[in-house]
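What follows is a short report on a single structure.
The values are calculated or read from the model by the stated rules, or taken from the named source; none is laboratory data. Please read all numbers here as calculations on a predicted model, not as lab measurements. Glycine gets a Cβ as well: all are built from the backbone with ideal geometry, and neighbour counts include every protein chain shown. With ligands, DNA and RNA removed, areas are computed over all heavy atoms of the protein, side chains included. Shrake-Rupley method; radii C 1.70, N 1.55, O 1.52, S 1.80 Å.
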Amino acid sequence: MTFDNLHVGLFAPLEDALTRVSPAIERAEIAHIVSVGNGVAQVAGFTDLRADELLAFSGGVMGIASNLSEDRAQVIVLGATMSLRPGDPVRRTGQVVYVPVGSALIGRVVDALGRPLDGGNPIDPEGFLPIEQPAPPIMHRAPVQVPLQTGIKAVDAAIPIGRGQRELILGDRQTGKTAIAVDAILNQRDTGVISIYCAIGQRASAVARVIQSLREGDAMDRTIVVVASGEDAPGLQFVAPYAATSMAEHFMAEGRDVLIVYDDLTRHARAYRELSLLLRRPPGREAYPGDIFYIHSRLLERATQLREEHGGGSLTALPVVETQAQNISAYIPTNLISITDGQVYLSPSLFEKGHLPAIDIGTSVSRVGGKVQLPAFRAVAGNLRLMYAQFEELETFARFGTQLDAETRRKLTRGVRVREVLKQREHDHIEVPEQIATLLAATEGLFDDLAPEAVAEAERTVREAMRSQAPGICARIVEGAKLDDEDRRALIELMRDALSAPDQKGADDGHA
């Protein structure tokens, strides 16, 4: 074999490969890391960089350009910084932070950037949306009129929530805030509402328990779980609620109803405070930055009910915030109270007494009120808050041992039974007609002759009678019909007959 033939045989594959290559010039602006710390990196070398632009570090880590100056920029790192070193290259992407949206996310557990965490198949999204979007203008919004039932008597009766409303859930730690939010998600099984649970700064074990509850309640097939745990970078904790809201807005634009839970915004505020201090921004009250109110308001203002000509969908927000020593006048709680349309306050003293859910009806409020309640519900529970507040004042007064007249004793007896009726086990969701029946029985005095500990069994009897013997009234209630006098009398007579069984009777014996 000659040398020429050998040359052709050895280099022919290389020459064939070169003919298939079409060289192209790729223009890219690359800077380098000057320094890197816990969640924040300083980069230098960019000549044209925009605020909030997404940057790419080595190893697939992303970041958001934040503080910009002439010679360098400070970047919020959306991931672990342990693999980043000074001198590593940083590339511009020319984009802001986007997250995948669409039905492919339903039933999945994802991080703050929409990447799957559940070990399932890669997500095939319908599109992408930026995490920061302007809130719908006022002229695109419709009044909140459709109820969002939670299945919790104390909420649906006294603190009603409507689709498109923003209702704050606040209380000390370990008082049942997450349980209220998860129960609201579980109760949407037959309503067509899509739910999003956004965990911010939570322990991985706590998030796992919530996911397990959703699976056991057959709710994961209509729920998206967005997780930025306490072990994640503060940048991911900061962007998580905005990313979850963009996922929800995709469905709202399609005319669907969405419920989103932010658990919780106290940790979100702390993550933003940590980032702001690392970025050398001036601290304000309690070391929070001056724009902390705007951070939360621009998030919660995106929750609304749209008009029909703009899709007709709704986004209902249930932000959770933690108080310390029942101090609801602290900085972050008062900020969120002023942004939202009401609050459900959980009292640690009620929790310790075993009054679960530990909802303080006197402190809780819904600024939408009875407008979102079904007419039958409004007729039965319209004066419940006032009656219950009067009962609590009388109960406090009666503790001094003062001699009470018959009318006061009657109000105390009635109030104790109403309080027993408002007790409810976790994940025990009650249909609206059954809630109306039990509240009607309590407010009409059908439980007054029972011992307090017998009220729970009597309530089950009333619910069963309502479900099995009054299907017509149940159907009319759900359809939005008013509870007229004839139906009211029929229900009272039905429940009185159901309670007349010997095993349902119990002498009061001064238990009030």
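Worth a mention:
- Which listed residue is open to solvent by 30 Å² or more (accessible area, probe 1.4 Å), of a type in the set (Gly, Ala, Ser) and either assigned to a loop (DSSP other than H, G, I, E, B) or closer than 25 Å to Gly312 by Cβ (or both), from Ala112, Ala184, Ala135: Ala135
- Cβ-Cβ under 7 Å pairs, at least 6 apart or on other chains, region 35-62 side assigned to a helix (DSSP H, G or I), far side open to solvent by 50 Å² or more (accessible area, probe 1.4 Å): Ser58/Pro89; Gly59/Ser83
- Contact map, region 371-396: residues that are closer than 20 Å to Ala481 by Cα paired with residues that are in a helix (DSSP H, G or I) and open to solvent by 40 Å² or more (accessible area, probe 1.4 Å), Cβ distance under 8 Å, separation 6+ or inter-chain. Pairs shown: Leu374/Val478; Ala376/Arg476; Ala379/Arg488.
- Residues of region 127-149 that turn out to be free of Cβ contacts under 8 Å to residues at least 40 places away in the same chain and in contact with a Pro (Cβ under 9 Å, 6 or more places away or on another chain), as a count: 1
- Residues being surrounded by 17 or more Cβ atoms within 10 Å (Cβ to Cβ), of a type outside the set (Gly, Ala, Ser) and either modelled with pLDDT under 95 or not in a strand (DSSP E or B) (or both) - total across region 63-73: 1
- Members of region 313-331 found to be open to solvent by less than 10 Å² (accessible area, probe 1.4 Å) and over 13 Å from the mean Cα position of the chain (by Cα), listed by number: Gly313, Ser314, Thr323
- In summary, Thr340 fulfils each of the numbered conditions (1) at pLDDT 95 or above; (2) polar (S, T, N, Q); (3) open to solvent by 30 Å² or more (accessible area, probe 1.4 Å) with the single exception of condition (3).
- Region 234-288, residues that are open to solvent by 30 Å² or more (accessible area, probe 1.4 Å) and touching a Ser or Thr at 6+ places or on another chain (Cβ under 7 Å): Asp257
Results for (1) surrounded by 20 or more Cβ atoms within 10 Å (Cβ to Cβ); (2) charged (D, E, K, R); (3) under 21 Å from Ile361 (Cα atoms), shown as yes or no for each residue.
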position	(1), (2), (3)
Leu422	yes, no, yes
Glu426	no, yes, yes
Ile430	yes, no, yes
Thr438	yes, no, yes
Met466	yes, no, no
Gln469	no, no, no
Lys482	no, yes, no
Ala490	no, no, no
Arg496	no, yes, no
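- Number of the condition not met by Ile224 [criteria: (1) touching a helix residue (DSSP H, G or I) at 6+ places or on another chain (Cβ under 6 Å); (2) within 22 Å of Ala65 (Cα to Cα)]: (2)
- Here the condition is being modelled with pLDDT of 90 or more, in a helix (DSSP H, G or I) and open to solvent by 30 Å² or more (accessible area, probe 1.4 Å); of Glu434, Glu453, it holds for Glu453 alone.
- Flag for Gln424 being in a loop (DSSP other than H, G, I, E, B) and either of a type in the set (Gly, Ala, Ser) or over 24 Å from Thr175 (Cβ atoms) (or both): no
- Tally, over region 83-109, of residues that are among the hydrophobic types (A, V, I, L, M, F, W, C) and outside any loop (DSSP other than H, G, I, E, B): 6
- Filter result for Leu412 (under 21 Å from Glu392 (Cβ atoms) and part of a helix (DSSP H, G or I)): yes
Residue-wise test of (1) free of Cβ contacts under 8 Å to residues at least 40 places away in the same chain; (2) assigned to a loop (DSSP other than H, G, I, E, B).
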| residue | (1), (2) |
| --- | --- |
| Thr178 | no, no |
| Arg189 | yes, yes |
| Gly192 | no, yes |
| Ile196 | no, no |
| Gln202 | no, yes |
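- Number of the exception - Ala219 against (1) open to solvent by 10 Å² or more (accessible area, probe 1.4 Å); (2) without any contact (Cβ under 8 Å) to a residue 40 or more places away in the chain: (1)
- Residues satisfying the stated conditions in region 363-380, i.e. within 20 Å of Leu440 (Cα to Cα) and outside any helix (DSSP H, G or I): Gln373, Leu374
- Filter pass, Ala181 being among the aliphatic types (A, V, I, L, M), out of contact with any strand residue (DSSP E or B) (no Cβ under 8 Å at 6 or more places or on another chain) and under 20 Å from Glu426 (Cβ atoms): no
- Test result for Pro160, under 23 Å from Ser314 (Cβ atoms) and surrounded by fewer than 17 Cβ atoms within 10 Å (Cβ to Cβ): no
- The condition (being in a helix (DSSP H, G or I), of a type in the set (A, V, I, L, M, F, W, C) and closer than 30 Å to Thr334 by Cβ) is satisfied by just one residue among Leu439, Leu386: Leu386.
- Complete set of residues in region 89-142 that are farther than 15 Å from Val226 by Cβ and aliphatic (A, V, I, L, M): Val90, Val96, Ala135, Ile138, Met139, Ala142
- Scanning region 220-244 for residues that are of a type in the set (Gly, Ala, Ser) and in a helix (DSSP H, G or I) returns Gly235, Ala240, Ala243, Ala244.
- Residues satisfying the stated conditions in region 139-175, i.e. closer than 23 Å to Thr438 by Cα, in contact with a helix residue (DSSP H, G or I) (Cβ under 8 Å, 6 or more places away or on another chain) and not in a helix (DSSP H, G or I): Val146, Pro147, Leu148, Gln149, Thr150, Gly151, Ile152, Pro160, Ile161, Gly162
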